[in-house]
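One structure is given here, and the rest of the page talks about it.
The values are calculated or read from the model by the stated rules, or taken from the named source; none is laboratory data. None of the values given here were measured: they were computed from a predicted structure. Heads up, the Cβs are rebuilt from the backbone with ideal geometry, glycines too, and the neighbour counts pull from every protein chain shown. With ligands, DNA and RNA removed, areas are computed over all heavy atoms of the protein, side chains included. Shrake-Rupley method; radii C 1.70, N 1.55, O 1.52, S 1.80 Å.
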Amino acid sequence: MSHEALSAGRTAVITGGASGIGLATAQRLAAQGMNVCVADLESEKLAEAAASLEKTAAKGADATLTVETNVSSLESVQSLREAVLSRFGEVAFLMNNAGVGGGGGPWQNLEGWQRVLGVNLWGVIHGLQTFTQGMIDQGTPCAIVNTGSKQGITNPPGDAAYN
């Protein structure tokens, strides 16, 4: 991807962005001058992420946005898109990064399976369905990253839903 796609003034949206890889990515992109929207489900972690990003961002609070988002809900992801477009006008980089574990074994914990698949699978699908066409229609360089886990490849025992 060209540097133009990640240049100052462009906007990144990162789900599951209030901690871990998502937050590290948000901090890096904000420091490079991008507008950054972090979406996550936990409001306390979002508040901490906002404070961190405002210090890191080259343009401070003007370049950051946090949106409480449940990626397992299409309507919630659509609300995220509307908030980002209202604030920044475009999206150059989407990172579908939200993920949860704890689904359970192959024939137990139906609710755990539904939660894990709702976030880890449908969250990505909702992100792609909601953002992709608009990013294409902008006519500017853009990128989408879908974060995955090595457990999907190595398939260790213990959490079949997550694997």
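A few points about this structure:
- Entry remark, segment 82-98: residues being open to solvent by 50 Å² or more (accessible area, probe 1.4 Å), without any contact (Cβ under 8 Å) to a residue 60 or more places away in the chain and within 13 Å of residue 36 (Cα to Cα) number 2 in total.
- The single condition from (1) modelled with pLDDT under 95; (2) buried (at least 22 other Cβ atoms within 10 Å of the Cβ) that residue 14 fails is (1).
- Per this entry, residue 115 is not counted among residues that are open to solvent by 30 Å² or more (accessible area, probe 1.4 Å), farther than 15 Å from residue 16 by Cα and among the basic types (Lys, Arg).
- In segment 103-119, the residues that are under 11 Å from residue 159 (Cα atoms) and assigned to a helix (DSSP H, G or I) never reach a residue that is open to solvent by 70 Å² or more (accessible area, probe 1.4 Å) and among the aliphatic types (A, V, I, L, M) with C-beta atoms less than 7 angstrom apart, at least six apart or across chains.
Conditions (1) at positive phi; (2) open to solvent by 20 Å² or more (accessible area, probe 1.4 Å); (3) at pLDDT 95 or above, marked per residue:
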residue	(1), (2), (3)
58	no, yes, no
64	no, no, yes
71	no, no, yes
80	no, no, yes
106	no, yes, no
121	no, yes, yes
125	no, yes, yes
129	no, yes, yes
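- Residues that are outside any helix (DSSP H, G or I) and among the small types (Gly, Ala, Ser) were ranked within segment 150-163; the one that is surrounded by the fewest Cβ atoms within 10 Å (Cβ to Cβ) is 158.
- In segment 39-63, the residues that are in contact (Cβ under 8 Å) with a residue 24 or more places away in the chain and among the hydrophobic types (A, V, I, L, M, F, W, C): 39, 41, 46, 49, 53, 57, 58, 63
- Qualifying positions in segment 120-149 - more than 19 Å from residue 19 (Cα to Cα), in a loop (DSSP other than H, G, I, E, B) and not β-branched (Val, Ile, Thr): 121, 139, 141, 142
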